[in-house]
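Notes follow the structure.
The values are calculated or read from the model by the stated rules, or taken from the named source; none is laboratory data. Just so you know, these numbers come straight off a predicted model, no measurement behind them. Don't worry about glycine lacking a Cβ; one is built from the backbone with ideal geometry, like all the others, and counts go over all protein chains shown.
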Amino acid sequence: MRTISVQKEDGNQIAIHAFPIDEVGANERADFFTKRSVKKDSKINALYLALSMCDLTTLEGADTPGRVKQMCAKARYPVPPEMIEPFLKKKKWGPIPSVAAVCVYPSMVPVAVEALKGSGIGVASVSTAFPSGQAPLQVKIDDTRFAVENGASEIDMVINRGAFLSGDYQTVYDEIVAIKKACGETHLKVILETGELGSYDRVRLASEIAMEAGGDFIKTSTGKVTPAATLPVTLVMLQAIADFHKRTGKKIGMKPAGGIRTAKQAIQYLCMVQETLGPDWMNPHMFRFGASALVNDLLKQIFKEATGHYYYDKVFSID
Amino acid sequence: MNFEYAPSIESIDIVKIDPKNKLFIDGKFVEPTSKKFFATINPATGEPLAQIADANAKDVDLAVKAARKAFPKWAKLSGKERGRYLFRIARIIQERARELAVLETLDNGKPIKESRDVDVPLVAAHFFYYAGWADKLEYAIPGKDTKPLGVVGQIIPWNFPLLMAAWKIAPALACGNTVVIKPAETTSLSILLLAQIFQEAGLPEGVVNIVTGAGETGAAIVNHPDINKIAFTGSTEVARIIQKAVAHTDKKLTLELGGKSANIVYEDAAIEQAVEGVINGIYFNQGHVCCAGSRLLLEESIAEMFVDKLKNRMEKLRVGNPLDKNTDIGAINSAAEHAKIMKLVESGISEGGEYFEPSFAIPSKGYFHKPCFFNKVSSAFSLSRVEVFGPVLAISTFRTTAEAIMKANDTQYGLAAGVWSEKGSKVHKTAAALKAGIIWANTYNKFDPSSPFGGFNESGFGREGGRHGLFPYLSIK
């Protein structure tokens, strides 16, 4: 097994193992979770849980305060309560949960914080010159500080893929440490951009570096690169989290992002998390979906379960 | 909010089980002359499913006569025509896949997930594959003249009732032989449904005859003077009796028997995938697999970590109702097999291996056994030498490649082996030195009709599947 070495701030060297991953085997194991059958009560449970784990996201050059406010309204009430509550009452189900967080660019953080005041919904800000990460470290730190100072509760940073692919793991590690410092108490999600890494071996190594450097969450993708999240890539990261927990006792969260559009897919991810990490990860503090389109499909399926009918797309607001 | 799987039970409405099942001779379902029937049990409940005809020597004789009568015409049919029948059978199997899968699970106890996703698709694949060979036999062995053997007697086990039927019947028919086949007495139902499919496909009468029953029925096939070849899959004990019985005859013989196959995990393996492979290797189909990876050889440097991961993974296995789509491990096929497994586990405990079983409960009704392993097992222990044919794994360690190979080969069997390493040269070196018929690298229990299957030493002789699978059914000049 390959082992890389990075120097910590205090000058000590730490060894990070590059655990090899067999691609065929990982794909096969991930495929196993598409065969799980989640029906009846467990399906309702899964749909509610998945909805409460969503990070509603807008990351466009065209974002405006108006657009962000609209999205924040949807984050609080993914569907107007009066539309569904009579059905839920009949079934004795709880109210539709709000999503876990909204995810925006740093410039939009003040707008989102204001719009979500008192809701308990998190405001996640991408930072570190998202999505490419091609900026000097100081710019990345300032980017992060701005978001934190304006009230972001979570930071989604990108790793330096240029450094990673050229074998400069020290720089990758140092940058995450620096951003973690800039975050202070704010939760840090580290985006590996797995679609640019080229192999599961590297996804595993990048996960190890991100966790060793202090990331609270590891996240697959920016959503700007194809492929984004896939089941096997997420599995490789979940297994890294399990091993890290075993080694250090620290529980790292996971966020697959991009490409998860249907309730069916979301449930496959939940089965995989449950069977790989267990019940401690089955909540929005430890697992998130970075997926906006997913919210409406989850709602559609909840409506189906509650009313017995599939409602057409126009019933659900776009954002 | 706990995330759990609600029961997701496959409906059994699709299958119609005849309360009294007759023999299939000369294209028709007929009463046994013995007038005797016995019960087949649903191992997941312990309740009887149906009555099965008990064929005696006279019934077997009628079946052989029907096969002999059908032989000349079937053998003379062009390969293309025979292939056409096989293709038709394969397609009907696909159309009736759900029915076959549900029935297989009811009678055998294997999880519906496996009968649906593994057994039945492979059954269809085998018929498709050998349908393709039927008109190409002259190219199978270039420069040689090939002829069918005549009437072949086939005896198959209960662990993959349909799949073993396909392994036996498809190549025999492709080569122009006619068949008298006996399923295991605990799993006769699915092959009788296959008989209905033969009827639906218009397969000529007498080409395949199915005689149900236990050891005596099998003995009647083995000892019948008008049978040209015996193909047997089952235990080494029974194989010894068969081999003695045919010793003074001109019957051809192939045997596919037991194993005590080793899964070798080197320290440079992709560990997560190796754990999954070991689990699949031993707990697939409740461990009722002749090529099951029942010995795990771990490089000492990773042994502790690997065993830990294995334990974690085993806690997540779901043992229970085989009809539940989320069940990973179903029921042991019969009370007798269940008792045999428990006895071997007991002897393992008394020999001093470190026993582990997961903490979850298993159903108390029906024949269920927890997946388990014995760690730090010595090569001298019975668990390292005796085939358990159940969900019981024996773990020991090695220090060098040479020791791994030596230990893997330290067995009277030689059916399969697995090698796990990310280093290609090591995989090849190890594989070349292993005395086993099937060797998997960085995977396990992968089956394909185009790939020959069979063993060395007490695992038997002859190959099934692939081009090699044709040879035992042909007279080659």
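Take the residues in the stretch B:432-446 that are surrounded by fewer than 18 Cβ atoms within 10 Å (Cβ to Cβ) and either within 16 Å of B:Phe398 (Cβ to Cβ) or touching a residue at least 24 places away in the same chain (Cβ under 8 Å) (or both), then tell me which one is nearest to the other protein chains (Cβ to nearest Cβ).
This residue is B:Ala433.
If we keep just the residues of the stretch B:1-37 that are in contact with a Ser or Thr (Cβ under 9 Å, 6 or more places away or on another chain) and not in a loop (DSSP other than H, G, I, E, B), which is farthest from the other protein chains (Cβ to nearest Cβ)?
B:Leu23
Of all residues in the stretch B:243-283, which are surrounded by fewer than 22 Cβ atoms within 10 Å (Cβ to Cβ) and away from every other protein chain (no Cβ under 11 Å)?
Residues satisfying the conditions are B:Gln243, B:Lys244, B:Ala245, B:Val246, B:Ala247, B:His248, B:Thr249, B:Asp250, B:Lys251, B:Lys252, B:Leu253.
Among the residues of the stretch A:96-133, how many are over 18 Å from A:Thr222 (Cβ atoms) and either among the polar types (S, T, N, Q) or at pLDDT below 95 (or both)?
Counting residues in the stretch A:96-133 that are over 18 Å from A:Thr222 (Cβ atoms) and either among the polar types (S, T, N, Q) or at pLDDT below 95 (or both) gives 2.
Spot the failing condition for A:Ala50; the list is (1) of a type in the set (A, V, I, L, M, F, W, C); (2) surrounded by fewer than 19 Cβ atoms within 10 Å (Cβ to Cβ); (3) within 21 Å of the chain's Cα centre (by Cα), and only one is missed.
A:Ala50 satisfies every listed condition except (2).
Looking only at the stretch B:138-159, which residues are surrounded by fewer than 22 Cβ atoms within 10 Å (Cβ to Cβ) and not in a strand (DSSP E or B)?
B:Glu138, B:Tyr139, B:Ala140, B:Ile141, B:Pro142, B:Gly143, B:Lys144, B:Asp145, B:Leu149, B:Gly150, B:Trp158
Take the residues of the stretch A:240-256 that are closer than 16 Å to A:Ile209 by Cβ and within 14 Å of chain B (Cβ to nearest Cβ): which is surrounded by the fewest Cβ atoms within 10 Å (Cβ to Cβ)? Reasoning before the result, please.
So the first thing to find is which residues in the stretch A:240-256 are closer than 16 Å to A:Ile209 by Cβ, and the list is A:240-241, A:243-244, A:247-248, A:250, A:252, A:254.
Now restrict to residues that are within 14 Å of chain B (Cβ to nearest Cβ): A:240-241, A:243-244, A:247.
Numbers: A:Ala240: 24, A:Ile241: 23, A:Asp243: 20, A:Phe244: 19, A:Arg247: 11.
Among residues in the stretch A:240-256 that are closer than 16 Å to A:Ile209 by Cβ and within 14 Å of chain B (Cβ to nearest Cβ), the one surrounded by the fewest Cβ atoms within 10 Å (Cβ to Cβ) is A:Arg247.
Being under 23 Å from A:Glu23 (Cβ atoms) and basic (Lys, Arg) is true for just one of B:Lys407, B:Lys477, B:Lys435, B:Lys426. Which residue is that? Before you say what the answer is, go through the steps one by one.
Working: B:Lys407 fails: under 23 Å from A:Glu23 (Cβ atoms); B:Lys477 fails: under 23 Å from A:Glu23 (Cβ atoms); B:Lys435 fails: under 23 Å from A:Glu23 (Cβ atoms).
Answer to the selection: B:Lys426.
I need the full set of residues from the stretch B:28-65 which are among the small types (Gly, Ala, Ser) and touching a helix residue (DSSP H, G or I) at 6+ places or on another chain (Cβ under 7 Å), in order please.
Step one: filter the stretch B:28-65 for residues among the small types (Gly, Ala, Ser), giving B:34, B:39, B:44, B:46, B:50, B:53, B:55, B:57, B:63.
Within the stretch B:28-65, B:Ser34, B:Ala50, B:Ala55, B:Ala57 qualify.
Of everything in the stretch B:221-264, what is farther than 30 Å from B:Ile282 by Cβ, in contact (Cβ under 8 Å) with a residue 40 or more places away in the chain and assigned to a helix (DSSP H, G or I)? Give them in sequence order.
Scanning the stretch B:221-264 gives B:Ile221, B:Val222.
If I go through the stretch B:393-431 residue by residue, how many of them are touching a residue at least 60 places away in the same chain (Cβ under 8 Å), more than 18 Å from B:Gly259 (Cβ to Cβ) and among the small types (Gly, Ala, Ser)?
Qualifying residue count, the stretch B:393-431: 1.
Might you check whether a residue that is within 15 Å of the chain's Cα centre (by Cα), within 13 Å of chain B (Cβ to nearest Cβ) and surrounded by fewer than 22 Cβ atoms within 10 Å (Cβ to Cβ) occurs anywhere in the stretch A:264-282?
yes
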